[in-house]
Amino acid sequence: KENNYNTDNVFAVTLRDSGEVALIDGDTKKIINIIRTGYAVHISRMSKSGRYLYVIGRDAKIVLIDLWMQTPAPVAEIKVGLEARSVETSKFKGYEDRYAIAGAYWPPQYVIMDGDTLKPRKVVSTRGMTVDGEYHPEPRVASIVASFIKPEWVVNIKETGQILLVDYSDIKNLKTTTIGSAKFLHDGGWDASKRYFLVAANASNKIAAVDTKT
């Protein structure tokens with residue numbers, strides 16, 4: 001680590017319309033750096049170690065920022081499609097920072113990458129059947145979160161109403177558990193125990209709760 005910033009107290013502030021992210025030192029309230037990223041920045045996600053910050057814009061451009069550099073700055077970037085909104089890292093013990101995942105609106109797919117370089121490892125289509133039994137040709141990937149109980153990501157497929165538990169312990173032989181819930185899956189979050197993930201299905205007026213342990 002080349003700087004003295006307390007990375008547990010650094011804010012990544014989305015400057016959406018300018019396509020930038022401002023890094024703010026929570027201790028001094030001063031701006032560390034303003035970094036150009038993708039068009040219409042959507043979310044930022046921290047790696048488990050606190051070293052890396054992943055930023056994704058609506059143009060599906062991911063920028064990897066190394067917070068341990070003397071002046072935190074981008075070290076890698078990639079386009080995972082034409083439109084996207086979600087990015088996450090591997091957070092289970094033993095897999096910290098090893099992988100990253102991003103979900104695209106178009107093409108309908110998610111991409112698994114090396115966490116420290118963004119080198120693509122796997123591209124998986126999300127086309128398939130809805131919970132109503134109909135085929136959907138272009139279901140978008142909504143929110144993605146990393147389980148703290150298993151080496152899995154919870155990947156929510158918007159139009160199909162399917163929740164995918166993607167096991168990243170063996171990327172070469174990828175295993176996925178599919179859970180039917182409700183349309184259209186959107187955003188969600190963890191309960192206090194980090195066991196149950198709750199996601200809103202805004203076309204069904206429902207919230208789906210997933211027990212990521214069982």
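The values are calculated or read from the model by the stated rules, or taken from the named source; none is laboratory data. Quick caveat: nothing in here was measured; it's all calculated off a predicted structure. Glycine also receives a Cβ, built like all others from the backbone with ideal geometry; neighbour counts cover every protein chain displayed. Just the protein is used for accessible areas: all its heavy atoms, side chains included, with ligands, DNA and RNA removed. Shrake-Rupley method; radii C 1.70, N 1.55, O 1.52, S 1.80 Å.
Brief remarks follow.
- Binning the alpha carbon pair distances of the chain at 5 angstrom intervals from zero yields the distribution 1, 8, 15, 19, 20, 17, 11, 6, 2, 1, 0, expressed in whole percent.
- Extension gain from residue 28 to residue 71, taking 0.36 nm per residue of separation minus the Cα-Cα distance: 13.9 nm
- Dipole moment magnitude, nearest 20 debye, the chain about Cα centre, only Lys, Arg, Asp, Glu C-beta charged: 240
- Close amide H contacts of residue 19 (hydrogens built in the peptide plane, cut-off under 5 Å, sequence separation of 5 or more or a different chain): 40, 41.
- Accessible area (Å², per residue) of the chain, counting only protein heavy atoms and a probe of 1.4 Å: 47
- Unit charges on C-beta of K, R, D, E only; dipole of the stretch 17-99, Debye: 220
- Contact order normalised by residue count of the stretch 29-170, Cα under 8 Å, 6+ apart, percent: 16
- Ignoring the sites themselves, the chain has its longest run without trypsin sites (Lys or Arg not before Pro) in a DSSP loop having at most 15 other Cβ atoms within 10 Å at 31-92.
- Inter-label distance, residue 114 to residue 1: 2.5 nm, where each label sits 7 Å from its Cα along the C-beta direction.
- Farthest positive-ward along the chain dipole, Cα basis, beta-carbon charges - from 111, 73, 53: 111
- Rounded FRET efficiency, nearest 0.05, which uses the C-beta distance separating residue 49 from residue 194 and R0 of 22 Å: 0.80
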